[in-house]
1. Restricting attention to segment B:30-74, report how many residues are away from chain A (no Cβ under 12 Å), among the polar types (S, T, N, Q) and not in a strand (DSSP E or B).
2. Taking helices (runs of 4 or more DSSP H) that fall entirely within segment A:107-192, which contain at least 1 residues that are surrounded by fewer than 20 Cβ atoms within 10 Å (Cβ to Cβ) and either away from chain B (no Cβ under 14 Å) or free of Cβ contacts under 8 Å to residues at least 40 places away in the same chain (or both)?
3. How do the strands (runs of 3 or more DSSP E) wholly within segment B:75-173 filter down when requiring 1 or more residues that are surrounded by fewer than 18 Cβ atoms within 10 Å (Cβ to Cβ), within 12 Å of chain A (Cβ to nearest Cβ) and in contact (Cβ under 8 Å) with a residue 12 or more places away in the chain: which remain?
4. Return the pair list, or none, for Cβ contacts closer than 7 Å from residues in segment A:300-314 that are more than 16 Å from A:Leu364 (Cα to Cα) to residues that are among the small types (Gly, Ala, Ser), at least 6 apart or on different chains.
5. Being modelled with pLDDT of 90 or more and either out of contact with any strand residue (DSSP E or B) (no Cβ under 7 Å at 6 or more places or on another chain) or under 17 Å from A:Leu278 (Cβ atoms) (or both) is the filter here, so list the residues in segment B:107-116 that pass it.
6. I'm told A:Phe74 meets every condition in (1) touching a strand residue (DSSP E or B) at 6+ places or on another chain (Cβ under 6 Å); (2) within 28 Å of A:Met310 (Cβ to Cβ) except one. Can you identify the failing condition by its number?
7. Can you work out which of the residues in segment A:359-378 that are closer than 21 Å to B:Pro152 by Cα and hydrophobic (A, V, I, L, M, F, W, C) is surrounded by the fewest Cβ atoms within 10 Å (Cβ to Cβ)?
Amino acid sequence: MSEHEYVPKSKAGKWFNDRLPLLTLGAHLTDYPTPKNLNYWWTFGGILTFCLITQIVTGIVLAMHYVAHADLAFASVEHIMRDVNYGWLIRYIHSNGASMFFLAVYIHIFRSLFYGSYKSPREVIWIIGLMIYLLMMAAAFMGYVLPWGQMSFWGATVITNLFSAIPLVGDSITTWLWGAYSVDNPTLNRFFSLHYLIPFLILGLVVLHIWALHVPGNNNPVGIDIKKPSKDTVPFHPYITIKDAFALLVFMIIFAGFVFFTPNVLGHSDNYIPANPLVTPAHIVPEWYLLPFYAILRSVPDKLGGVILMFGAIFILFVLPWLDTSKVRSAIFRPIYRQFYWIFVLDVLMLGYVGAMPAEGIYLVLARVGTIYYFAHFIIVMPVVGLLEKTDPIPMSISEPVLTGGAEPSLARKVNDKV
Amino acid sequence: MSKEEKKVNRRDFLFTASYTIGAVGVGAVIWPMIDQMNPDKAQQALATTEVDISSIEPGKSITVLWRGKPIFIKKRTSEEIAEARAVKLDDLPDPQKDEDRVKDGKDEWLVMLGVCTHLGCVPLKDKGDFNGWFCPCHGSHYDVSGRIRKGPAPTNMEIPKFEFVDSNTIKIG
């Protein structure tokens, strides 16, 4: 909370605030001291909040017209597209909104990886963020099943069958998930129920995410601890709100570009064919945001092994704050890690690309190399580079390098000083 | 301190009893919440299907739906049966004799779940390197007996419980 105790001006405000200090919370959020050097990579938190609210609002509207039944779902989606007033717009915002949500969350995660935002004392923020990310994937997957097209049906079949790899109880678990002996109407029903629930769980976690953020305060591009409030900080409002608003407008232009000009480019045309349990489409691919994990799954020639590695690729992120041994947060001052960071970015992009290609020939080789590097980055590069790397001098404060024209060694602290 | 620890009094008994009864109560409520997701009676009622197989020509197959899953029913030619039986068991990732996958005396009829044992896609017939089925999802090859030969699938395609009602009809399930 802010340094000074907030006292509402009006008598009514004071009366209410004494009973429920919402106005104090509002004052805290407004005055919240924020590092003055935050760049545009820090605007994605606000953008993600916008994405979540957009998905919830459009989703609630779609649920007013959608029918969660295997015989009716496909037709009801077409009904939304053709008959419901502005139904096409609302559905295209919702379906493209999922992609924009993931685009923003990936930028948000990679920003954290570059500037070391996951490190002490922000591990809990990072872990809550990963829980949000996991729920986002679950929500997106179940949402993709709802139109009950071919990709919906077979995507659901493949993903739920991942659980059949579990020894002994695997088959019982998949039958339990389905509520039938294959993906069928009971599966669609429960997916709809959970798809409606998960965004509100995410909303709750977002509150915790921001709460946990407001305890240590924002990390910043130079990654040093700062005094709050001080000449290194600005109040959240209006300085950060206006910057976030500008970034959000640019983001919305791109979003609108997809919605109005290429609303189907991120989807798959097979999903406009009604689900048919007798015919599998020739080429099954998940949505683009899951492709790197799909590539990891297919790179392993063993069923259980593939499933373990795929889930491992996500769960390894939870222990990242303890795998990274470097005391310096920002990659700006880590010349070696910085290079590995960009190799890792390329590796994930490559895995995404091969995930969309058939699992054979050169693609299989690339998927295997990419998978090995993905894990090596966390298990080998992160701990070893952190120990061996000679980091650049880090500045004393945000203001000083700016005022003196650069991070001069005289003004800079060495790593072994308190960071 | 140690004296107090050893002494079991009425309150300890009440705590333990309360927790135990509480745990039983919570379990009794949770189980219905979990079990409601298992296949319901309507799903279980679809457990058997009768199929007329009189019109299938040798070498041809049909696909029928049973419990929401495709069943392949193939009438194999004598060459295909011979091919399936010539395979050495050592060459199979999931060793199983062709004889064990068909009914005695009805060797031409292969009845199996048309579901890839990898991640549940429907394999395509007359495709792949082994003259049998090929799964387009992740590239598993099955032979003319539906046994896995190459690719990520761990086991042979499953043989469901079925019986011949008469020479022209089979009952699956």
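The values are calculated or read from the model by the stated rules, or taken from the named source; none is laboratory data. Quantities reported herein were computed from a predicted structural model and do not represent experimental measurements. Cβ sites come from the backbone with ideal geometry, for glycine too, and all protein chains shown count toward neighbours.
1. 3
2. On the way: elements: A:123-145, A:150-161, A:170-178.
Filter on segment A:107-192 gives A:123-145, A:170-178.
3. B:124-127, B:148-150
4. Between residues of segment A:300-314 that are more than 16 Å from A:Leu364 (Cα to Cα) and residues that are among the small types (Gly, Ala, Ser), the close pairs are A:Leu304/A:Ala165; A:Val307/A:Ala165.
5. B:Val111, B:Met112, B:Leu113, B:Gly114, B:Val115, B:Cys116
6. Among (1) touching a strand residue (DSSP E or B) at 6+ places or on another chain (Cβ under 6 Å); (2) within 28 Å of A:Met310 (Cβ to Cβ), the lone unmet condition for A:Phe74 is (2).
7. Looking only at segment A:359-378, we keep the residues that are closer than 21 Å to B:Pro152 by Cα, and these are A:359-372.
From what is left, the residues that are hydrophobic (A, V, I, L, M, F, W, C) are A:359, A:362, A:364-367, A:369, A:372.
On the way: A:Ala359: 20, A:Ile362: 9, A:Leu364: 18, A:Val365: 12, A:Leu366: 17, A:Ala367: 25, A:Val369: 15, A:Ile372: 12.
Step by step, filter segment A:359-378, then rank; the result is A:Ile362.
Here is a yes/no grid of residues against (1) within 14 Å of chain B (Cβ to nearest Cβ); (2) under 20 Å from the mean Cα position of the chain (by Cα); (3) exposed (fewer than 15 other Cβ atoms within 10 Å of the Cβ):
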residue	(1), (2), (3)
A:Leu248	no, yes, no
A:Phe261	no, no, yes
A:Leu278	yes, no, yes
A:Ile284	yes, no, no
A:Pro292	no, yes, no
